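The values are calculated or read from the model by the stated rules, or taken from the named source; none is laboratory data. No experiment lies behind these values; they were computed from the predicted model shown. All Cβ positions, glycine included, derive from the backbone under ideal geometry; neighbour counts span all protein chains shown. We work out accessible area using only protein heavy atoms, side chains counted, and drop any ligands, DNA or RNA first. Shrake-Rupley method; radii C 1.70, N 1.55, O 1.52, S 1.80 Å.
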Amino acid sequence: MIRSFCAFFAILLLAAPTAAQEKPEPEVRSFNKKAVVNVDPKSGYIYFDNYFAGRVVLVRLPDDAARAERDAKRVEARAKFSDGKLVAALRRIDYESRQKRTVVVDVRSFVPDARDEEGRKWFGILTKLPAGRYVIVGYDEFEYFWPSLCLCLGTVMFDAVPGKIVDLGQMRSYRIEREGLGKKSASSIAGLTPGRGGLTSFYIAPRAKPPVLPRIGDTAVVPAQYYAVGRLSNATSSEIDRVTAIEGVIRYEPGKVIDARTNQAAEPLDL
C-alpha cells in the first residue's frame, strides 16, 4: 500500500511543470506600468504615443513560405471555382492569410513613466511582436479584429528589428479626436486642417530623437524608418482613407501615392 502510494506520488512530481516547462511568453504582448520587460533578441518591439482610443492594426508582410502557401491555395481555387464563387474563395484565402499575420496593438496597456529628452513624462504603448516588416493598415475604433478604417489609399510600413525597440512616434486620429466621446476638440492637428490643409483621418508624427523608456536595460530604442506604400486592397470593406502626408516619406498627387524618398509612384502591396 505504502509502496503504491509512493509510486503514485512520484508520478505526480514528474508530471508537475517545472520552471523550464513554464508557458512561454506570447509572440504578441503589450506591456503595462507593472510589467518587467525582458527583451527577447529574436523578437521585435514597437513603441508609440497614442492620442486616441482606437487600436492600431498592423499586417506583417508575408515571407516566402506564407506567400507560397497562399499562391498554392489560389491556384487550387481557380481550378475548382468560377465566377462569383471564385471571387468569394479568393477573398477568403487572402483574408485567412492576412489574419495569421495581423497584429492589433492593445492601446489599453500604457507605459506611463516614459520620458523625452527633456525629462517630461507621457503615456505610451510598448508592444512585443514577431520581427519583420509591417504595414499600418488602419485603426479600430471599437473592438473589431479588422480595422474600422482602412488606410487603403496610402500608408506606410516599417521594420520591427530583432532585439531593438522601434519608436513609431506619435499617432493621432483626427476623426476620433473630433467626434469621439461627444467632446469638442481642436479643428486641426499640428497646424494641419482637413481638406485642402492635408489632414486626413490618421496622422503620424515620427520622432528624430527616441524617448527614454524604463525597465529595458541597455536595449536600444531607435526611430522607425518609414517607407511609403501605394494602394491596398480593402479586404474587409471598411471605410477608406489615407495616412496624412509625412515629409520626406510619403506625399500625394492627384490619383497617385508618391514615395518622397524617390519621387516615384509608390507600389501597391499584395498583403
Completion exercise
Only one of 103, 107, 75, 87 is at pLDDT 85 or above, among the hydrophobic types (A, V, I, L, M, F, W, C) and in contact with a Ser or Thr (Cβ under 9 Å, 6 or more places away or on another chain), namely 103
Exercise for the section: Give just the number: which of (1) at pLDDT 75 or above; (2) farther than 20 Å from residue 227 by Cα; (3) of a type outside the set (Val, Ile, Thr); (4) open to solvent by 50 Å² or more (accessible area, probe 1.4 Å) does residue 162 not satisfy? Expected result: (2)
Fill in the blank from the handout: Flagged in region 222-239 as assigned to a strand (DSSP E or B), buried (at least 16 other Cβ atoms within 10 Å of the Cβ) and either out of contact with any Asp or Glu (no Cβ under 7 Å at 6 or more places or on another chain) or on the phi > 0 side of the Ramachandran plot (or both), in numbering order, are 227, 229
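Can you confirm whether residue 97 is of a type in the set (S, T, N, Q), modelled with pLDDT under 85 and at negative phi? Break it down stepwise before answering.
On the way: of a type in the set (S, T, N, Q): yes; modelled with pLDDT under 85: no; at negative phi: yes.
No, not satisfied.
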Fill in the blank from the handout: Output for Cβ contacts, cut-off 9 Å, separation at least six or different chains, first residue free of Cβ contacts under 8 Å to residues at least 12 places away in the same chain in region 61-85, second of a type in the set (Asp, Glu), reads 67/270
Exercise for the section: Count, please, the residues in region 238-267 that happen to be under 23 Å from the mean Cα position of the chain (by Cα) and of a type in the set (S, T, N, Q). Expected result: 2
Practice task
Select from region 83-101 the residues that are out of contact with any helix residue (DSSP H, G or I) (no Cβ under 7 Å at 6 or more places or on another chain), open to solvent by less than 70 Å² (accessible area, probe 1.4 Å) and of a type outside the set (D, E, K, R) and list them in ascending order.
Solution key: 84, 88
